[in-house]
Amino acid sequence: MCPKGIHFSQSRLFVRTTHMTRKPKNTRTKSRRSSRKRTWLSPRYSGLLAIVALLALGMINPDARDNVAEALNLSHIISPSKPLSSKVQGPITEGVWTVARVVDGDTIIVGASADSAGQYRVRLIGADTPEVVRPNTPVEPFGPEASEFTKQKIAAAGNRVRLVFDGDQVDKYNRTLAMVYLQMPDGQEIWLNERLIREGLARAQTQYRYSKGAKDAFRRAETEAKNARRNIWSLPFSGI
């Protein structure tokens, strides 16, 4: 028996080199092909696809756009409190602003014109109303009532609000944080943040950085709403 790979043929010795000279697979080419396939799944391309989808959603529903941006952590790309148009604007300042739209109970859009140029998203600091516009989230109890309350009060004030900064001016979603005051026709000034909490239409958020005086006022308003079981505090799962 001949050793493996060695054969005799017509008195001549030859070596079968089939096994020894087998051409290795072109792993480099395969690696390049597989890398091309994986490229489309890379974070860079996934992020671009998400941004395109987000922009398309924003053309249909700006509120849904911003909530999705928060969920995908894309707020640094599509920034709610930057102007809602591509035109570069200066920073928002304290003072009297015209309300362009009420998003929900604790979020409004202010601006000097009816179009999107120069409009900013303002979040009422320290007051958290139930959700009504967040995508893939059911409308929460008393969310519509909170939105309607804010709309009515702002309309009664001639769609004008006075913004006052207290503590952090921008949140992690790049929304402007402010105390919102309304000048009513009878001369009374309403502190909208505090009034929403007092009416039981918002929970006090005292974990953020703003003045102790405002936090104390919000705690007193929330205690009053809880004791009276107003609106959200009337629910069996309100936590009272």
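The values are calculated or read from the model by the stated rules, or taken from the named source; none is laboratory data. Remember, it's a predicted structure, so these values are computed and weren't measured experimentally. Positions of Cβ are generated from backbone atoms using ideal geometry, with glycine treated the same way; all protein chains shown enter the neighbour counts.
The set of residues in region 119-160 that are acidic (Asp, Glu) and without any contact (Cβ under 8 Å) to a residue 40 or more places away in the chain comprises Glu131, Glu140, Glu148.
Any residue in region 105-115 that is small (Gly, Ala, Ser), in a strand (DSSP E or B), within 22 Å of the chain's Cα centre (by Cα) and within 16 Å of Glu94 (Cα to Cα)?
Step one: list which residues in region 105-115 are small (Gly, Ala, Ser), which gives 105, 111-114.
Subset that is in a strand (DSSP E or B): 111.
Keeping just the survivors that are within 22 Å of the chain's Cα centre (by Cα) gives 111.
Next, only the ones that are within 16 Å of Glu94 (Cα to Cα) stay: 111.
Yes: region 105-115 contains one or more residues that are small (Gly, Ala, Ser), in a strand (DSSP E or B), within 22 Å of the chain's Cα centre (by Cα) and within 16 Å of Glu94 (Cα to Cα).
Yes or no: region 91-114 includes at least one residue that is of a type in the set (Val, Ile, Thr), farther than 23 Å from Ile197 by Cβ, at pLDDT below 55 and out of contact with any Cys (no Cβ under 8 Å at 6 or more places or on another chain). No, the conditions are met nowhere in region 91-114. Tell me, yes or no, whether region 148-165 has at least one residue that is within 17 Å of Arg209 (Cα to Cα) and at pLDDT below 95. Checked against the condition, which is being within 17 Å of Arg209 (Cα to Cα) and at pLDDT below 95, region 148-165 yields no hits at all.
In region 139-160, which residue that is within 30 Å of Pro236 (Cα to Cα) and more than 25 Å from the chain's Cα centre (by Cα) is surrounded by the most Cβ atoms within 10 Å (Cβ to Cβ)?
So the first thing to find is which residues in region 139-160 are within 30 Å of Pro236 (Cα to Cα), and the list is 139-153.
When the remaining residues are screened for being more than 25 Å from the chain's Cα centre (by Cα), the result is 152-153.
Working: Gln152: 11, Lys153: 18.
Ranking the qualifying residues of region 139-160, first place goes to Lys153.
The requirement of being closer than 13 Å to Leu124 by Cα, out of contact with any strand residue (DSSP E or B) (no Cβ under 8 Å at 6 or more places or on another chain) and modelled with pLDDT of 95 or more is satisfied by Thr206. When Leu163, Leu177, Leu196, Leu182 are checked against the criterion of being without any contact (Cβ under 8 Å) to a residue 40 or more places away in the chain, surrounded by 18 or more Cβ atoms within 10 Å (Cβ to Cβ) and not in a loop (DSSP other than H, G, I, E, B), a single residue qualifies: Leu182.
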